[in-house]
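Visitor: Okay, handing you the structure first.
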Amino acid sequence: MILAIDIGNSSTKFGVFDRDKLVSKLSIPTNKDATAADLEKAIGKDLRDDITAAIVASVVPESEKPLCDFLTSRFGIIPVFVDTSFDFGLTIRYQTIETLGVDRLITASAAAAKYGVPCIICSFGTATTIDAVNSNHEYLGGTIAPGMKTMAHALHLKASRLPEVEIGRPASVIGDSTIASIQSGIFYGYIGLVEGIISRMTAELGETPHVIATGGFAKTISKDCKQIQITDEDLLLEGLQAIFNKAVRNRI
């Protein structure tokens with residue numbers, strides 16, 4: 001069994017693959033101060049014991065060594081960390097590749113392979129990234145914006161009289177309370193942000209792309225964003241598994 005791990009800013013996701021099939025998933029909050037023992041406690045028995053290898057995408061460097069220690073102690077394995085030197089099956093046109101989050105490349109690679117090109121990949125998490133791959137399998141880059149939860153938290157911090165609200169689709173655009181008004185502003189404002197970026201990105205591409213949503217808030221956004229055609233929450237985990245099959249399996 002292969003373990004694919006996505007260390008994100010808010011959560012760490014684990015996916016267990018039997019060959020190419022995702023057979024189980026687990027998610028825990030990302031804690032930059034967590035030790036290997038903390039990870040063992042948080043995960044408990046929710047991961048099966050027959051893991052033989054692990055591949056990791058991380059945007060949280062502080063969490064990498066504790067994860068390595070946990071995997072070595074629990075399964076006797078040393079994980080492979082994906083970086084931008086791996087073969088993603090794409091020509092990368094990003095100017096500052098050393099600053100490019102590997103999660104963006106993995107999801108772009110997975111979307112292009114699974115759904116075809118050209119494609120636009122919207123990943124909704126702590127930050128929202130919207131990236132483009134053209135019909136020549138070129139990763140062009142994209143946009144980075146605060147995620148909805150980040151936006152809500154920032155509004156609360158900067159306006160002390162405004163409460164921090166739960167993220168969700170409000171019943172009406174016209175909020176009849178302060179909480180409802182904030183929820184509406186964040187949700188429908190975000191729909192406008194996403195739709196506007198996708199429209200402009202499509203125009204720049206000059207071709208009609210598949211538009212795929214992934215990440216923790218993908219389902220929340222997709223229902224009201226007309227341009228999004230596909231919601232695939234497991235895209236990054238599947239991308240990790242594909243990279244493992246392509247670049248790693250033959251070396252272990």
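Each reported figure results from applying straightforward, stated rules to the coordinates on display, with no laboratory input. Owing to the predicted nature of the structure, the values given are computational and were not obtained by experimental measurement. For neighbour counting, all protein chains shown are included, and Cβ atoms are generated from backbone atoms with ideal geometry for every residue, glycine included.
Visitor: Output the peptides 176-182, 241-247 sorted from most to least packed, where packing is the average of other Cβ atoms within 10 Å over each peptide's residues.
Guide: 241-247, 176-182
Visitor: Another question, if that's okay. Below 8 Å, C-alpha to C-alpha, sequence gap of six or more: please give me the relative contact order for the stretch 91-239 in percent.
Guide: 25 percent
Visitor: Turning to a different aspect of this structure: Taking the structure as given and computing percent of Cα pairs over 33 Å apart, which label from (i) 40; (ii) 15; (iii) 23 fits?
Guide: (iii)
Visitor: Between Ser11 and Asp46, what length in nm is gained on full extension when 0.36 nm per residue of separation is reduced by their alpha carbon distance?
Guide: 11.0 nm
Visitor: Distance check, please: which entries in Lys45/Lys246; Lys21/Lys246; Lys114/Lys226; Lys13/Lys45; Lys45/Lys149; Lys32/Lys219 exceed 19 angstrom between their Cα atoms?
Guide: Details: Lys45/Lys246 30 Å; Lys21/Lys246 15 Å; Lys114/Lys226 21 Å; Lys13/Lys45 15 Å; Lys45/Lys149 30 Å; Lys32/Lys219 27 Å.
Table pairs above 19 Å Cα-Cα are Lys45/Lys246; Lys114/Lys226; Lys45/Lys149; Lys32/Lys219.
Visitor: Right, next: Plugging the Kirkwood radius over Cα pairs into Stokes-Einstein for the stretch 91-239, at a temperature of 25 °C and a viscosity of 0.890 mPa s, what D comes out in µm²/s?
Guide: 154 µm²/s
Visitor: To continue, here is another question. Once you put a point 7 Å from the Cα of Glu64 and another 7 Å from the Cα of Asp38, both along the Cβ direction, what distance in nm separates them?
Guide: 1.8 nm
Visitor: Continuing with this model, one more query. Quick one: length gained pulling Thr96 to Thr208 fully straight, 0.36 nm per residue minus the C-alpha distance? Walk me through the numbers on the way to the answer.
Guide: Values: separation 112, 0.36 × 112 = 40.32 nm, distance 2.66 nm.
Answer, rounded to one decimal: 37.7 nm.
Visitor: Given N residues in the stretch 2-81, what is its alpha carbon radius of gyration divided by 2.2 N^0.38 Å?
Guide: Values: Rg = 11.3 Å, N = 80, 2.2 N^0.38 = 11.6 Å.
Against the empirical 2.2 N^0.38 Å value, I get 0.98 for the stretch 2-81.
Visitor: Say each of His153 and Ile78 gets a label point 7 Å from the Cα, pointing the same way as Cα to Cβ; how far apart are those two points in nm?
Guide: With each label placed 7 Å out from Cα toward Cβ, I get 3.4 nm.
Visitor: Further question: Using alpha carbon centroids, what distance separates the stretch 185-252 and the stretch 62-120, in Å?
Guide: A separation of 16 Å, based on Cα centres.
Visitor: Pull out the extension gain between Ser199 and Val23, defined as 0.36 nm times the separation in residues minus the alpha carbon to alpha carbon distance; nm, one decimal.
Guide: This chain segment gains 59.8 nm when fully extended.
Visitor: Under a crude label model (7 Å from the Cα following the beta-carbon direction), how far is Asp224 from Glu164 in nanometres?
Guide: 2.2 nm
Visitor: Helix-derived [θ] at 222 nm for the chain: sum -39500 (n - 2.57) over DSSP H runs of at least 4, divide by residue count, nearest 500?
Guide: -11000 deg cm²/dmol
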